[in-house]
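Note sheet for the following structure.
The values are calculated or read from the model by the stated rules, or taken from the named source; none is laboratory data. Source: prediction; values computed, not measured. Glycine also receives a Cβ, built like all others from the backbone with ideal geometry; neighbour counts cover every protein chain displayed. Ligands, DNA and RNA are excluded from the accessible area calculation, which covers all protein heavy atoms including side chains. Shrake-Rupley method; radii C 1.70, N 1.55, O 1.52, S 1.80 Å.
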Amino acid sequence: MSDLPLRAGGEMTEIIGRYQNMVYGLALARTGSSADADDVFQEVFLAYFQSGRTFRDEEHRKAWLLRTAVNMSRRCTCSSWRKKTVPLSERREEAAPFPSDEEKLEALCGLEESYRLPLYLYYFQELSAQEIGKALHLRPGTVRMRLSRGREKLREVLKGVFSDE
């Protein structure tokens, strides 16, 4: 039996409900795979449950969950097993005249991690450059530069998808 204090079921349900989209979305943006994002999601909240940590405020809790999600995602993407796998198919469907949200997210997942994470946190989680910098251990100026360069790369990717028709 663990000597860690157990969190009340209602509290865990509330915390998961509040932060599930943020954690899952970050994991999906980092790993590029919904199956891996599911695993990371479970690991993050399991770590939260088992940690028994107390937080100064909600911002501290949110920062801890973000940092844990980044670390767990990194662990997942760097595993030797993952490096030895090959996708079953690389199917490309007919492109629509305008990118759907799914196509935008897919294009985002195709970017380098250094651009993908700040863009995801900025646009999907609505964090400021300052908050993203704290979560990713970067200076706000670095975050703003990565957002700018990431937007340009995303434009190029989406432009390439729709010019191949």
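Values for this structure:
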item: Which listed residue, of ARG30, ARG67, is assigned to a helix (DSSP H, G or I), closer than 19 Å to LEU111 by Cα and either in contact with an Asp or Glu (Cβ under 8 Å, 6 or more places away or on another chain) or at pLDDT 90 or above (or both); result: ARG30
item: Enumeration of residues in the range 45-66 that are open to solvent by less than 50 Å² (accessible area, probe 1.4 Å) and either touching a Phe, Trp or Tyr at 6+ places or on another chain (Cβ under 9 Å) or closer than 19 Å to LEU138 by Cβ (or both); result: PHE45, TYR48, SER51, PHE55, HIS60, ARG61, LYS62, ALA63, TRP64, LEU65, LEU66
item: The range 74-99 - residue that is over 20 Å from TYR24 (Cα atoms) and small (Gly, Ala, Ser) and, of those, modelled with the lowest pLDDT; result: ALA95
item: Residues of the range 111-129 satisfying the condition of being at pLDDT below 90 and part of a loop (DSSP other than H, G, I, E, B); result: LEU111, GLU112, PHE124, GLN125, GLU126, LEU127
